[in-house]
1. Just checking, which of A:Ala320, A:Ala275, A:Ala336 is in a helix (DSSP H, G or I), touching a Leu at 6+ places or on another chain (Cβ under 9 Å) and assigned by TED's automatic domain parsing to the domain that holds A:Leu209?
2. When residues of the stretch B:55-67 are filtered for being surrounded by fewer than 22 Cβ atoms within 10 Å (Cβ to Cβ), in contact (Cβ under 8 Å) with a residue 40 or more places away in the chain and within 14 Å of chain A (Cβ to nearest Cβ), how many remain?
3. How about the stretch A:353-446: which helices (runs of 4 or more DSSP H) wholly inside it have at least 2 residues that are closer than 23 Å to A:Ile480 by Cβ and among the aliphatic types (A, V, I, L, M)?
4. Checking B:Gly156 against (1) touching a residue at least 12 places away in the same chain (Cβ under 8 Å); (2) surrounded by fewer than 23 Cβ atoms within 10 Å (Cβ to Cβ); (3) away from chain A (no Cβ under 12 Å); (4) farther than 24 Å from B:Val176 by Cα, only one condition comes out false. Which one?
5. Residue check: is B:Ile178 part of a strand (DSSP E or B) and either out of contact with any Lys or Arg (no Cβ under 9 Å at 6 or more places or on another chain) or more than 16 Å from ligand 1 (Cβ to nearest atom) (or both)?
6. Among B:Gly112, B:Gly137, which is the only one that is surrounded by 19 or more Cβ atoms within 10 Å (Cβ to Cβ), more than 7 Å from every other protein chain (Cβ to nearest Cβ) and touching a His at 6+ places or on another chain (Cβ under 8 Å)?
7. Within the stretch B:151-158, identify whether any single residue is closer than 14 Å to A:Ser415 by Cβ and of a type outside the set (Phe, Trp, Tyr), and answer yes or no.
8. Testing A:Ala396 on (1) at pLDDT below 85; (2) surrounded by 14 or more Cβ atoms within 10 Å (Cβ to Cβ); (3) within 30 Å of A:Arg490 (Cα to Cα), one condition comes back false. Which one is that?
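The values are calculated or read from the model by the stated rules, or taken from the named source; none is laboratory data. Predicted, not measured: the structure shown is a model, and the values here were computed from it. All Cβ positions, glycine included, derive from the backbone under ideal geometry; neighbour counts span all protein chains shown.
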Amino acid sequence: MTDRVINTIRPSAWILAGVSTPLLLVLMILKSRGVPMLGILPWNPLLYAGAALVAIFSALLFTQQMSWIALKMLTGDKAKFFGIVLGLTFAALLITQQGSIFCGLMRRTAGQVEDIRGADLWVMDANVRYVDDVKPMIESNLYRVRGVEGVEWAVPLYKGNARLKLKTIGRDKKPLDVIEQVILLGVDDASLVGSPPPERILVGSLTDLRKTDALLIDFNRLPKLFPGEQWDQAPAMPGLRQKAGDSISRWITNLASRAKSSESLPTPDEQYRAAQREFYKRFVGREVEMNDHRGIIVGVCEATRTFQSNPVVYTMYSRAKQYVPRERKLLSYVLAKTADGVKPGEVAERIASQTGLKARTSWEFMKETMWYYFQYTGIPINFGITTLLGFLVGTAIAGQTFYNFTIENLKQFGSLKAMGATNLRIVGMILLQATVVGLLGYGLGVGLATLFGIVSQGGELAFFTWWPVLPIAGVAIVLICVLASILCIRRVMVLEPAVVFRG
Amino acid sequence: METLTDHTVASHQSPAIAPPELAGNVAVKIRGVTKHFGRGEQRVTALNGIDWDVYKGQMSMIIGPSGCGKTTLLSVIAGILNCDSGSVNLFGEEVSRFSDGRRTKFRSVNIGFIFQQYNLLPALTAAENAAIPLVIGGWSKSRAVARACEVLEGLGMGKKKESFPSQLSGGQQQRVAIARSLVHSPRLLVCDEPTAALDHETGLTVMEMLRKAAVRPDRAVIVVTHDNRVFHFGDRIARMDDGRMVEVTERTAEEAVLVSGEQDDVAA
Ligand SMILES: Nc1ncnc2c1ncn2[C@@H]1O[C@H](COP(=O)(O)OP(=O)(O)O)[C@@H](O)[C@H]1O
Ligand SMILES: [Mg+2]
């Protein structure tokens, strides 16, 4: 029964699926909001399709009229064919998925740099190595930065740790005193630069931060502060099935009634946002205490998860000093914006030379932070080894299956050679077979990894497909195929056609 | 049709070599061919100075005990194995001096193969299998398969064109192999133990079919076998032993009678 089903799936359908899977999934990623888009090149599917065409046509060039024989040999034994494709899919999936998690982890280390929009330059003490390595500066540095040519504006940012105390109820419904270390961010009083972007504010609004003792708190770690809350009722991210189902039903109703999209029901994402607003509303107005000073939660936001598991609390710069024990210097960073028509990099150099401070563009600072964590903490490197291992395991499995396949076909290639097929043609046939399984495996693997990314999006898992991950996975698959092919080609080249007469 | 039952052949210095009056009929001319395998202690002399002529319009048989070098000789003749010394001349061309590429090209045009284990590609249908030599020769798939179907029909396999090798009996598979070997009208057909994997009945049928379909005035057919039940299908029989050709005999008139359909017009 399953045999019949598999038999009816023609190889052409598989090729189509392999080409279209990454295309569709990447389009889905681009469409769904809130997904880090930085990582996915919009032209990746185009690149993939282009590479597919080039690879297939160059293989066809060698095989000429024999290409159909190569393809039939490849797909003749369905079980083996699926075995090879699965092996390569697995390899591509493993590499893309592990690579994405690795990139996601690395990116988290610099999450707080990425979170701050508007400013494009970070100015700091010359000895700061990464974003969590705060070395307070004297306040006058702010004015010195403002004086540099090419700086449109510059604002202060406080970043530090504070001890937050609050009275709440525990899981056992008994009163509970919670003391938690939090990351305190003091944003510029006037402009509020440094606070999360408006679309990340779930409850309340940015300007509420100007109210007396106002705090904005990150929803990610709230369960640590209020363990007694009914967290089982917190809204869950809409799953992929929900989203896909919604798009399909939406499409059908649109087709049927030609209704305008504005009249239709909210999407699962919109429903999720609404549910979040409804749920997190309850925290507004609750009182906390830091350094014997009162704080009132006026809003709940979503901060990018960082490596630290501490809750992130936003307040105003002028008020931050109350919440931490007395410190002589309070200025952690100066966030600056370059004037129109000036390159941020040039301005950064000018700031550095004029003030003796360190100035970096946001992207440079992110890179430095990630590099620091990469070098000095074991976590990324350990995880990198896992990634590498995934790569090797995937390579071994896929290479092995494909190599075995060609070795089993050696006698058939021998017959073809005896009948007058040139070595070049046979090599072309092997390359064509490798190309087809490689493209299918890559397409399906990357597609599945993307699916995994969409499903896990918004959860604890750091998943970020930085664009180099895709070509790296591609190169890996090409390597596997080329390596296995070369081994087989060597065997075929030295194959005496006379073997065909041996039993 | 010229008959080659003239017994002057036997009285010639060596019966393996054609007398001058028959030289024009020679398709394959082998002189002093030797072939060794392995080195040192393991060195085996598979062919030890073979001289042999193969005529067009005939089925020539190579017989002899297992391991005497039959397959090796056939491989050398077919140009899929290089000999150590000696010359192989096919249709006036010194194939043993060809480059690999040229010999491969020569094979694809001039030689048809039939193997003991049929060697059909399991993923291809009977018609597609039979079409392979044409495809190697550069034909498009559809033209090649159409031509292969005609040949299969001529061999009584018209109904099995779409079957895969796994769905065919041994005899049917060997018939597909015969179609494949003839589809591109080669001038030389080489068959290694074509009946060894078949039962007696089927073996005879396959040999009959092979004779009928393959033997043409302008084509030489060489069959290697150690199956004494099919010896009588050969017009000339070359007996080998230990890498040498020990005896070449013409088929007797009594043996010829055993081959049914011999009076049919096979020279069409
Ligand atoms: N590829 C090879 N390597 C080593 N020895 C071989 C090889 N092919 C054949 N031989 C040896 O050459 C001799 C002749 O073999 P073969 O031509 O296959 O005999 P036949 O076909 O008459 O049974 C045998 O002794 C065999 O072991
Ligand atoms: Mg043999």
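1. A:Ala320
2. Final tally of qualifying residues: 1.
3. Counting at least 2 such residues, we get A:378-408.
4. The failed condition is (4).
5. Criteria not met by B:Ile178.
6. None of the other options fit; the residue is B:Gly112.
7. Within the stretch B:151-158 (the criterion being closer than 14 Å to A:Ser415 by Cβ and of a type outside the set (Phe, Trp, Tyr)), the answer is no, since none of the residues qualifies.
8. (2)
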